[in-house]
1. Kindly list, by first and then second residue, each pair from a residue in the range 262-285 that is assigned to a helix (DSSP H, G or I) to a residue that is of a type in the set (G, A, S) and open to solvent by 30 Å² or more (accessible area, probe 1.4 Å), limited to pairs with Cβ atoms under 7 Å and residues at least 6 apart or on different chains.
2. What are the residue pairs meeting all of these: first residue in the range 40-56, first residue under 16 Å from A102 (Cα atoms), second residue surrounded by fewer than 20 Cβ atoms within 10 Å (Cβ to Cβ), Cβ atoms under 7 Å, and 6 or more apart or on different chains?
3. Among the residues of the range 178-235 satisfying the criterion of being under 22 Å from A260 (Cα atoms) and touching a residue at least 24 places away in the same chain (Cβ under 8 Å), which is most open to solvent (accessible area, probe 1.4 Å)?
4. Please specify each residue of the range 343-378 satisfying the condition of being outside any helix (DSSP H, G or I) and either modelled with pLDDT of 90 or more or in contact with a helix residue (DSSP H, G or I) (Cβ under 9 Å, 6 or more places away or on another chain) (or both).
5. Scan the range 238-259 for residues that are free of Cβ contacts under 8 Å to residues at least 12 places away in the same chain and either open to solvent by less than 40 Å² (accessible area, probe 1.4 Å) or under 29 Å from the mean Cα position of the chain (by Cα) (or both) and report the count.
6. Counting only residues that are aromatic (F, W, Y) and in contact with a Leu (Cβ under 9 Å, 6 or more places away or on another chain), how many does the range 256-289 have?
7. Does M321 fit the bill of being in a helix (DSSP H, G or I), farther than 30 Å from V258 by Cα, modelled with pLDDT of 90 or more and hydrophobic (A, V, I, L, M, F, W, C)?
8. List every residue pair whose Cβ atoms lie under 9 Å apart, where the two residues are 6 or more positions apart in sequence or sit on different chains, the first residue falls within the range 324-338 and is farther than 15 Å from R360 by Cα, and the second residue, located anywhere, is outside any helix (DSSP H, G or I) and open to solvent by 50 Å² or more (accessible area, probe 1.4 Å).
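The values are calculated or read from the model by the stated rules, or taken from the named source; none is laboratory data. On a predicted model such as this, the values are computed, not experimentally measured, just so you know. Heads up, the Cβs are rebuilt from the backbone with ideal geometry, glycines too, and the neighbour counts pull from every protein chain shown. Ligands, DNA and RNA are excluded from the accessible area calculation, which covers all protein heavy atoms including side chains. Shrake-Rupley method; radii C 1.70, N 1.55, O 1.52, S 1.80 Å.
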Amino acid sequence: MREFALRPAALLIPLVTAAWLTFPGPALAADPVVWRTDYNAARKEAIDKGQSLCVVIGTENCFYCRKLEGGPLKDAVVNAHLATNFIPLKLDANKDPGLAKALKVQLYPTIVLAGSDGKIHAFIEGYVEADKLNDAMKKTAPAAATPEWMARDLDLANKAAAAGEYPRAVSLLKGVYREAADKPAGQKARLALAEIEQLAASRVARAKELDQSGLTRDALDALADTVKTFAGTQAAVDATALVTSISAHPDTREKLRVRAARDLLASARQEFRTGKFYDCLQKCEQLAATYADLPEAKEANGIAAEIKGSPERLAVASDQMTERTAAMYTALAEAWAGKGQVLEAITNYERVVKLCPNTRQGDAALAQITKLRAGTAGSPVGLQKP
């Protein structure tokens, strides 16, 4: 591993400001990246703070240096790493070639990630994408003593995020950050939160694109999913506000109403084709009642008429309704039995028997009645044994 300790006196001199890189405010404005231009001062600061160094070496006329500036070095997660775990330093190799020569830099830009002890952990030559730079920074970030509970919560948060359980991850990370905002553990939590925020923000951006393309319903669905999936993030708050804004527009409300009617009609058609006539009738009645002014309601009335005009289909619908009702009475009986109210449970099982005699549901209900009556022999019906 290379040593990033430049002891020769000729090299330990103040370095002039590099003109080839200019860094406007990063995405995380609350904690902007402040690029140093003096190697000696930056190295001392890294030692004093126990932080790593991120040295970007380039030249004024380097095309890929400018590409690095305009892309990866403006990335929100990279900026969070720089502001959290590194002392950032930029150098112009042409204006002061000492460090570049000592490190044997052959290609621009070159990024050097080094610990405060002078050990180089990453020597990245040429242009690098933000995700690879982010990975290198993660490996270089200094380890620090962390209380056991913070280490545990950070680990649980990382596992939750990996499993897509972002609300839990956000809650754990915020807890760590509140307790240790200015310590390494707190800064790790802040960085992890920034990564989740960036992912959630990309979902919001996608929803905006859908809305602008006229796919308002899809946009609202995407925003609703963002609110649920990334609860606790600022992006979720922004998504909620955007839902309110989109939904408030009169044209949007009408489009959503038409889309809802179409979706309901499509479901009714599918149920008609598959013989689920009872459910089909329910949806047709809903369309007729809620969307009477739309053409979907007219078609729904036609589908309902086909079912009601056919004794065979209507008989199937009636049987399906009976089965549905019997299932509800069975659930009610089980709920009463669970509370020890045996009389009420038996009454509902008897309703099932009357609705579905000589059927699987009816026979199951009879068996439960027999069991309940046997269990209450010698005790007043409807009272629980002590």
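1. From residues that are assigned to a helix (DSSP H, G or I), the pairs are K283/S267.
2. N40/L12; N40/P14
3. Once the filter is applied, the top-ranked residue is K208.
4. Step one: of the range 343-378, the residues outside any helix (DSSP H, G or I) are 356-359, 376-378.
Passing the criteria: C356, P357, T359, T376.
5. Residues flagged as free of Cβ contacts under 8 Å to residues at least 12 places away in the same chain and either open to solvent by less than 40 Å² (accessible area, probe 1.4 Å) or under 29 Å from the mean Cα position of the chain (by Cα) (or both) within the range 238-259 amount to 6.
6. Residues flagged as aromatic (F, W, Y) and in contact with a Leu (Cβ under 9 Å, 6 or more places away or on another chain) within the range 256-289 amount to 1.
7. Against the criterion (in a helix (DSSP H, G or I), farther than 30 Å from V258 by Cα, modelled with pLDDT of 90 or more and hydrophobic (A, V, I, L, M, F, W, C)), M321 does not qualify.
8. Cβ pairs passing all conditions: A335/Q341.
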